[in-house]
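The values are calculated or read from the model by the stated rules, or taken from the named source; none is laboratory data. Predicted model, so just to flag it, every value in this text is computed and none were measured. Cβ atoms come from the backbone with ideal geometry, glycine included; neighbour counts cover every protein chain shown. For accessibility, only protein heavy atoms count, side chains too; no ligands or nucleic acids. Shrake-Rupley method; radii C 1.70, N 1.55, O 1.52, S 1.80 Å.
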Amino acid sequence: MPYATNPIDGVRTFFEDSSGGGQPILVYPGFTDPLEYAQLSPLIQALQADFRLIFADHRGQGRSDKPHEVASYTLTTRVVDAVGVLDSVGIERAHYIGFSLGARLGFALGEHAPGRLMSLVLCGNQPHQWPDGPMLRAVVEAVAAGRARGMVALVETWESFIGERFPEPARTWMLENDPLALDAMLRSSLAEGPISQDLTKWTVPCLIYAGAEDELHEKAARAAAEIPGAVFVSLPGHTHFSAERVADELLPHVLELFRSARR
């Protein structure tokens, strides 16, 4: 099984390498999502014929190790997880695509490991202090329910907030998580504060996008305005969740970013 071991604490990250041709792209999914969720992304599927895709599970999710200690989920430690995946497949620099929590990790890579990046494509997140809002409160309450009563309670509590049942196979994948690991991850995330003290010093080419109805939209747009040369794409009519499934509107921007990153 393909695992990368973090030299800081020995936690293993599970990953899958397409071993295809073309430039490499490291891909991370969102909170509670295994790498299989990212593999089904329409944007990713539009790229798979021409790029080498490496998918990874966040620590605490999927087939990666799942520590229960809050201290195991510091952002800099998780950056080392991602760098370890690149080291394991012998890649010095890669493009990076992150969805939701994966986008938050992508911002951290831009801050702490820019030399390992060719570019960043970040969906539905931002690098500033977490803003209070309905979605974040829903996640906090769902995770608290999961900590107390297990994964079924977590998923059902979250569904009650969004007013609909999560579709399959995503719902089944969510239920396979460890609620104590998710709780530790969330607690660490909420305590981490802003990722960067000065985004104006960044040099990594960035494409940031978000649904216009996503409560993280404003801070994502702010980040793009602060990062030199970054492009921001707002997706009217889309939420935090539906923006992850957009491909046609984004593909030209992504390909242009990848071309410009090679110049």
Inset, instruction - Might you let me know whether segment 191-213 holds any residue that is open to solvent by 10 Å² or more (accessible area, probe 1.4 Å), closer than 26 Å to ALA247 by Cα and charged (D, E, K, R)? - result: yes
Legend entry - Selected residue (criterion: nearest to PRO205 (Cα to Cα)) from residues of segment 231-261 that are aromatic (Phe, Trp, Tyr) and at pLDDT 95 or above: PHE258
Inset, instruction - Please name all residue pairs, on different chains or six or more residues apart, with Cβ atoms under 6 Å, provided the first residue is in segment 235-252 and is farther than 17 Å from LEU120 by Cβ and the second residue is open to solvent by 80 Å² or more (accessible area, probe 1.4 Å). - result: THR239/GLU213
Legend entry - Given (1) in a loop (DSSP other than H, G, I, E, B); (2) open to solvent by 10 Å² or more (accessible area, probe 1.4 Å); (3) within 30 Å of GLY163 (Cβ to Cβ), index of the condition PRO127 fails: (2)
Inset, instruction - Could you tell me which numbered condition MET135 fails, if it satisfies all but one of (1) open to solvent by 10 Å² or more (accessible area, probe 1.4 Å); (2) under 21 Å from SER41 (Cβ atoms); (3) outside any helix (DSSP H, G or I); (4) out of contact with any helix residue (DSSP H, G or I) (no Cβ under 7 Å at 6 or more places or on another chain)? - result: (3)
Legend entry - LEU122 being open to solvent by less than 10 Å² (accessible area, probe 1.4 Å), in contact with a Phe, Trp or Tyr (Cβ under 9 Å, 6 or more places away or on another chain), under 21 Å from VAL233 (Cα atoms) and part of a helix (DSSP H, G or I): no
Inset, instruction - Output yes when any residue across segment 118-133 is acidic (Asp, Glu) and touching a Lys or Arg at 6+ places or on another chain (Cβ under 6 Å), and no when none is. - result: no
Legend entry - Unique match (being more than 20 Å from ALA223 (Cβ to Cβ) and touching a strand residue (DSSP E or B) at 6+ places or on another chain (Cβ under 6 Å)) among ARG147, ARG93: ARG93
Legend entry - Candidates ALA225, ALA221, filtered to the one that is open to solvent by 20 Å² or more (accessible area, probe 1.4 Å), under 18 Å from the mean Cα position of the chain (by Cα) and within 23 Å of SER196 (Cβ to Cβ): ALA221
Legend entry - Residues located in segment 153-190, provided they are among the small types (Gly, Ala, Ser) and open to solvent by 20 Å² or more (accessible area, probe 1.4 Å): SER160, GLY163
